[in-house]
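S.K.: Sharing a structure, written as structure tokens. Questions coming.
The values are calculated or read from the model by the stated rules, or taken from the named source; none is laboratory data. The model shown is predicted, which means the values in this text are computed figures rather than measured ones. Don't worry about glycine lacking a Cβ; one is built from the backbone with ideal geometry, like all the others, and counts go over all protein chains shown.
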Amino acid sequence: MNVSDLVPWRNRTAIRRRDNNPFQMMRREMDRLFEDFFRDFESSTDLTRGFDDGSWLSQFAPSMNVSESDDAIEATVELPGMSEEDIDVSLSQDGLTITGEKKEESEDEKKNFYRRERSYGYFRRTIPLPHEAIDEEGIEANFDKGVLKITIPKREDAKQMRKRIAVKSAG
Amino acid sequence: MAEAVLERQEAREMEHTERTRNRRVFTPRVDIYETDDSVVMMVDMPGVSEEGVDIILEKNILTISGYTDDSRPENMSLAYREYRVGDYERTFALSEEVDRQGIEASMKNGVLKLVLPKAEEMKARRIEVKATG
């Protein structure tokens, strides 16, 4: 409950006036501190990421962009530090599934970590695809400079299927 | 606690570096660890090739810059985006323990590995315990 609610003559506007009450400010700071603390903790284990496609078990959740042109769909995934052998791309009923494991380099026996921001582990992402519209045989995947690029060509008949619908003005 | 999104942080406003290229700049993620005779840094910079990396050491300030190329085919329209493409930059202050001459850098699969050897006197050395008497 806000102390300011008790004050009868204050204007109740929709805009909250901040920074007047030092207790509120302190409470906000504490909230923010806790949030930051937990967010950093969570992002290192990454438990909540990617809930929907079942990849919530993975510790490493790479980012993906999808673009589309008239001829093809292109997906790019950032996977720095992985090599082609560790990445697996497969097509199934659900769509295109990319899985892999980013392993830690273990060449040196590490003594201490001063900073550890990069993530490792198993990951899995699925891109749902409209099966009738794509040419499954022509899917290509390239891995260059740490970026995986998958090109999915569209079928010829699917390309024509887009119909423009004319917008008419009323009256 | 909202979804913990691994977001790339944008570089803080560059008070001292103005850029001539009009690109976003990101702070790359880095792992730094220490072995017996060197400090190793692994910098994640996907999309950057060997030629696109600039490593500059000035006094004790180490600046790492990575440049990506902007080519996107024109007729592609973005349907879903989780990451933005841009350049990378990060600066570190080295301590005196690093032997500047021996710094080695290698780039593989978008990860830059920097080996900073420790100066002789800082290396961990086993000291033998001799029995007396």
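S.K.: For segment A:59-134, which fully contained strands (runs of 3 or more DSSP E) count at least 3 residues that are loosely packed, with under 15 Cβ neighbours inside 10 Å and at the interface with another protein chain (Cβ under 7 Å from one of its Cβ atoms)?
M.R.: A:112-116
S.K.: Right, residue A:50: surrounded by 14 or more Cβ atoms within 10 Å (Cβ to Cβ), farther than 30 Å from residue B:38 by Cβ and modelled with pLDDT under 80 or not?
M.R.: Taking the combined requirement at face value, the residue satisfies it.
S.K.: Of the numbered conditions (1) more than 28 Å from residue A:128 (Cα to Cα); (2) in contact (Cβ under 8 Å) with a residue 24 or more places away in the chain; (3) surrounded by 16 or more Cβ atoms within 10 Å (Cβ to Cβ), residue B:52 fails exactly one; give the number of that condition.
M.R.: (2)
S.K.: Only strands (runs of 3 or more DSSP E) wholly contained in segment B:27-70 count here; list those with 3 or more residues that are more than 8 Å from chain A (Cβ to nearest Cβ) and more than 10 Å from the chain's Cα centre (by Cα).
M.R.: B:48-58, B:61-68
S.K.: Related question: Let me spell it out: the conditions are (1) closer than 17 Å to residue A:97 by Cα; (2) at pLDDT 80 or above, and residue A:26 meets all of them except one. Which number is the exception?
M.R.: Condition (1) is where residue A:26 drops out.
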